[in-house]
Amino acid sequence: MASAAALALPLALLATACGSGGGDESGGDPTQLTFWDGFTQYNTGGSPFEELIATCEDETGITIERTVSDNIYDKYTRAASTGDLPDLLILDNPNVAQFAETGILADNEAAGIDTSEMQPNIVASGIYEGKTYGAPFGSNTLALFYDVDAFAEAGLEPPTDWDSLRSAAQALTDPAAGRYGIAFSARPDQEGTFQFLPFFWGAGAELTDVDSPEAVEALTLWTDLVADGYASGENVTLNQQEIRDQFTAGHAAMMVNGTWQLNTLDDSDVNYAVVPIPAPDGGAAPSPLGGEFINVVQNEDPAIVTAAGEFASCFTSRENLAGWLEGQTYISPYADQAEEQAADDPRLVPWVEAVGAARSRTEDLGSSFASVATRLGEALSGAVAGQTDPATALADAAQ
């Protein structure tokens, strides 16, 4: 949910798409716009995402031709080579700057989108060279979920630092019951990096120096947990939904995961609770900001850009976001609405605070985040799989 495959977008190739957009498909009619996204799980005919689109069709008088794809970023890249892009597209927040760099996106001044009332740390992912592109329509981040009953049975308190995290993972590992102490996704891609960042940042590492001693310390924590048998080596193949399934099936006593899992967890038999992912010496580690933006694509016809901006503004209004936020258990980009969410749903109290303090993944690297995150994901996955040691894996990634 929170991250997508990295793109290697050739600037010269994408430049051919600028000024075209999907308006050509709709005959240049600003009341008919094309819209692409990767939310295949919300292609049911009645999901909160589809209801949000329908609401804005009614309010704006704009008809949406939606295309949804499992491999949406591959589709974006292929479309860019022909100039056959849509009028509106959904981007994972760390990819906005990368697309903005190519010139494909219309900035918010041109599109008429106002994000001034949204939380600055959430909007930050959409800023490139001083201009803002698109608008967020909900955010998430990561925390540590734990099995309350398993902790009580073992006489343990939730971890508050890395030592207590290791101790709890050891005490709760039960090979006879098929249970590991902790689960996390260590896939060789941005999803693995997303899960690793609280440990990476918590150790004091920065994405501008991925093989620092602090980065090695963070990765060593993960490799040791697997080597000692407290976490599964299969984590290198599991995505965040599959990690959740391990937790709900009783195969992990703790897991690293995000807000979007709450509704599914509540439908399970697990008595769970949530605490911040701890920093090495205590306190909460910084967590990465997840979520998506709706973006307007450049078009030679300014009327298409204006209409797409109108639809995006409707899509991200406080009133219209409410149903989507509830269905997805995302946190609103508006601070006042986020506080209302916490007041209405006690489950969201820790998440509202966490999202408000979460770090944009592109704040240091801008448009180059995606390629760095992919290399970091490959490094951590290889080390967790035992193919190389943490220091060598990170040094290779840095080079």
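The values are calculated or read from the model by the stated rules, or taken from the named source; none is laboratory data. Just so you know, these numbers come straight off a predicted model, no measurement behind them. Positions of Cβ are generated from backbone atoms using ideal geometry, with glycine treated the same way; all protein chains shown enter the neighbour counts.
Descriptive notes on the structure:
- Annotation note: of SER268, SER287, the sole residue that is of a type in the set (Ser, Thr, Tyr) and surrounded by fewer than 23 Cβ atoms within 10 Å (Cβ to Cβ) is SER268.
- Flag set for SER167, criterion: surrounded by fewer than 17 Cβ atoms within 10 Å (Cβ to Cβ) and not in a strand (DSSP E or B).
- Counting only residues that are of a type in the set (A, V, I, L, M) and part of a loop (DSSP other than H, G, I, E, B), segment 170-186 holds 2 of them.
- Checking each residue in segment 323-338 for being small (Gly, Ala, Ser) and either in the same structural domain as TYR272 (by TED's automatic domain parsing) or closer than 26 Å to PRO86 by Cβ (or both) picks out GLY323, GLY327, SER332.
- Of all residues in segment 202-260, those that are small (Gly, Ala, Ser), closer than 30 Å to GLU363 by Cβ and not in a loop (DSSP other than H, G, I, E, B) total 4.
- Selection status of ARG66, among the charged types (D, E, K, R), within 15 Å of ALA312 (Cβ to Cβ) and over 20 Å from the mean Cα position of the chain (by Cα): yes
- Of all the criteria given as (1) within 21 Å of the chain's Cα centre (by Cα); (2) surrounded by 24 or more Cβ atoms within 10 Å (Cβ to Cβ), the one not satisfied by TRP260 is (2).
Quick grid of which residues meet (1) in contact (Cβ under 8 Å) with a residue 24 or more places away in the chain; (2) crowded, with 24+ Cβ neighbours inside 10 Å; (3) under 18 Å from ASP92 (Cα atoms); (4) not assigned by TED's automatic domain parsing to the domain that holds THR63:
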| residue | (1), (2), (3), (4) |
| --- | --- |
| CYS314 | yes, no, no, no |
| GLU340 | no, no, no, no |
| ALA343 | no, no, no, no |
| VAL352 | no, no, no, no |
| LEU380 | yes, yes, no, yes |
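- Filtering segment 75-96 to residues that are touching a residue at least 24 places away in the same chain (Cβ under 8 Å) and out of contact with any strand residue (DSSP E or B) (no Cβ under 9 Å at 6 or more places or on another chain) leaves THR77, ALA80, SER81, THR82, GLY83, ASP84.
- Condition check for GLY46: in the same structural domain as ALA335 (by TED's automatic domain parsing), surrounded by 15 or more Cβ atoms within 10 Å (Cβ to Cβ) and not polar (S, T, N, Q): no
- Any hit, segment 171-188, residues being among the polar types (S, T, N, Q) and surrounded by fewer than 22 Cβ atoms within 10 Å (Cβ to Cβ): yes
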